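Worksheet: one structure, shown below.
The values are calculated or read from the model by the stated rules, or taken from the named source; none is laboratory data. It should be emphasised that the depicted structure is a prediction, and the values quoted were computed from it without experimental measurement. A quick note on method: Cβ atoms are made from the backbone with ideal geometry, for glycine too, and the neighbour counts reach across all protein chains shown. For the accessible areas, the whole protein counts, side chains as well, though only heavy atoms, and no ligand, DNA or RNA atoms are used. Shrake-Rupley method; radii C 1.70, N 1.55, O 1.52, S 1.80 Å.
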Amino acid sequence: MASTKEKVLDFFIKNETQWISGDTLAKKFNVSRETIWKAINALKKQGHQIESKRSYGYYYVGTKKLSAQLINHYLNSHLVNDIEVLDEVNSTQIYAKNIINQNLNLRQNKIIFAEEQTNGYGRRGRVFFSPASTGLYFSLILKNDFKNLDKLGLLMTGISTAIVRALNYFYPEKDFKLKWVNDIYLNNKKIAGILTEAITELESNTSRALIIGAGINLSTIDFPAEIKEKVESIDQHFKIDRNLLAAKIIDEIDKILNEKSKGNFLAEYREKLLLMNRRVLLNVGNQKFSGEVLNVDEKGQLVMKLDNDKIKHFNSGEVTKVNF
Ligand code: BTN
């Protein structure tokens, strides 16, 4: 049952640019004017801007904060029916893993956003800098859809293509690039990283759930000294409603998951690949491979011509040097 606060926000979202009196709202939801007044104050505390004027009532201006209700309102797809927004969390990945551990039979996909992460992490346990309000940090839990972990390569390339499509929707002029497998670059600096973790059933090599974590630097400027040279944010004056962006990303992921088997997006992925025909050093566990990148194959694997002239397809690894 939705609370009065949720009902009032729902009304505001669906009836933009409209003044409404406390009395009308009270009658509409069958509560007292005081209850409406309290709901309005609670919404303001959550970061919603609401103007009030004697004899006019209330007017909803918007919010700069992430809101599950707003994201849900903007969504066109049905990929997730459970959206949670946290003000602060250690890591949305850890939060998602706890949810999975407590729900052995996940019934639906879920997405968790956080305004700020105090312990955000990336691949190889690296810190992912996640300061308040200047980025988009989320973990998407996809319930046991992936019978075969071999398909992960396609999933990862698909998710990064989806995020680039969403970013390009708001920034068509920006030339986002991809570094295999799923880092997003702009002007040769990393603006987003994606991490896919599988909660696996070892016996059957199937996954019970996948957690796709993504961190996008939207307007962050104060990166720590040790990463300052390598990372960037999209736009220091980022003005786009992050709720709209969040919804667009979910919609684009949904679209790509539906086209995934055909791999339609791979051409787009290859076109944005930073590494094509470049000489790279690839770390796979403790092993290092150097050679030239030839392509990304139909499974989303990186195809390299190694220095010994052998052609090899990699389904995991991290490119640590380019054109060295
Ligand atoms: C990488 O660059 O290696 C991947 C970075 C992934 C960061 C995101 S932010 C949301 C989610 N929570 C985390 O702790 N990590 C991911």
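Let me confirm something: among Ile227, Ile184, Ile221, Ile191, which residue is closer than 27 Å to Thr320 by Cα, out of contact with any helix residue (DSSP H, G or I) (no Cβ under 7 Å at 6 or more places or on another chain) and free of Cβ contacts under 8 Å to residues at least 60 places away in the same chain? None of the others qualify; the one that does is Ile191. The condition (being over 22 Å from Leu186 (Cβ atoms), outside any helix (DSSP H, G or I) and within 9 Å of the ligand (Cβ to nearest atom)) is satisfied by just one residue among Ile83, Ile112: Ile112. Quick one: is Asn76 without any contact (Cβ under 8 Å) to a residue 40 or more places away in the chain, out of contact with any Pro (no Cβ under 9 Å at 6 or more places or on another chain) and not in a strand (DSSP E or B)? No: the conditions fail for Asn76. Filtering region 35-66 to residues that are assigned to a strand (DSSP E or B) and over 15 Å from Phe12 (Cα atoms) leaves only Lys53.
Among the criteria (1) loosely packed, with under 14 Cβ neighbours inside 10 Å; (2) modelled with pLDDT under 95; (3) of a type outside the set (S, T, N, Q), the one Ile13 does not fulfil is (1). Tell me yes or no: at least one residue of region 164-176 is hydroxyl-bearing (Ser, Thr, Tyr), modelled with pLDDT of 95 or more, part of a helix (DSSP H, G or I) and away from the ligand (no atom under 16 Å from the Cβ). Among the residues of region 164-176, at least one is hydroxyl-bearing (Ser, Thr, Tyr), modelled with pLDDT of 95 or more, part of a helix (DSSP H, G or I) and away from the ligand (no atom under 16 Å from the Cβ), which makes the answer yes.
Screening Ser219 on (1) hydroxyl-bearing (Ser, Thr, Tyr); (2) within 19 Å of the chain's Cα centre (by Cα); (3) in a strand (DSSP E or B) shows it passes everything except condition (3).
All conditions in (1) within 15 Å of the ligand (Cβ to nearest atom); (2) surrounded by fewer than 20 Cβ atoms within 10 Å (Cβ to Cβ); (3) under 21 Å from Gln93 (Cβ atoms) hold for Ile250, with the sole exception of (2). When Thr92, Thr157, Thr118, Thr161 are screened for being within 11 Å of the ligand (Cβ to nearest atom), of a type outside the set (Gly, Ala, Ser) and under 30 Å from Lys299 (Cβ atoms), only Thr92 passes.
Quick one: would you say Glu232 is within 16 Å of the ligand (Cβ to nearest atom) and open to solvent by 40 Å² or more (accessible area, probe 1.4 Å)? Step through it out loud before you land on a result.
Numbers: within 16 Å of the ligand (Cβ to nearest atom): yes; open to solvent by 40 Å² or more (accessible area, probe 1.4 Å): yes.
Taking the combined requirement at face value, the residue satisfies it.
Answer with yes or no whether Pro131 is farther than 18 Å from Ala214 by Cα and more than 11 Å from the ligand (Cβ to nearest atom). Please lay out each step first, then the result.
Details: farther than 18 Å from Ala214 by Cα: no; more than 11 Å from the ligand (Cβ to nearest atom): yes.
No; evaluated as a whole, the condition is false for this residue.
Given the options Ile141, Ile83, Ile100, Ile111, name the one that is in contact with a helix residue (DSSP H, G or I) (Cβ under 6 Å, 6 or more places away or on another chain), of a type in the set (A, V, I, L, M) and closer than 28 Å to Gln301 by Cβ.
On the way: Ile83 fails: closer than 28 Å to Gln301 by Cβ; Ile100 fails: in contact with a helix residue (DSSP H, G or I) (Cβ under 6 Å, 6 or more places away or on another chain); Ile111 fails: in contact with a helix residue (DSSP H, G or I) (Cβ under 6 Å, 6 or more places away or on another chain).
Result of the check over Ile141, Ile83, Ile100, Ile111: Ile141.
Would it be correct to say that Lys190 is within 11 Å of the ligand (Cβ to nearest atom) and open to solvent by 30 Å² or more (accessible area, probe 1.4 Å)? So Lys190 passes the test. Does region 130-140 contain any residue that is at pLDDT below 95, assigned to a loop (DSSP other than H, G, I, E, B) and surrounded by fewer than 21 Cβ atoms within 10 Å (Cβ to Cβ)? For region 130-140, residues at pLDDT below 95, assigned to a loop (DSSP other than H, G, I, E, B) and surrounded by fewer than 21 Cβ atoms within 10 Å (Cβ to Cβ): present.
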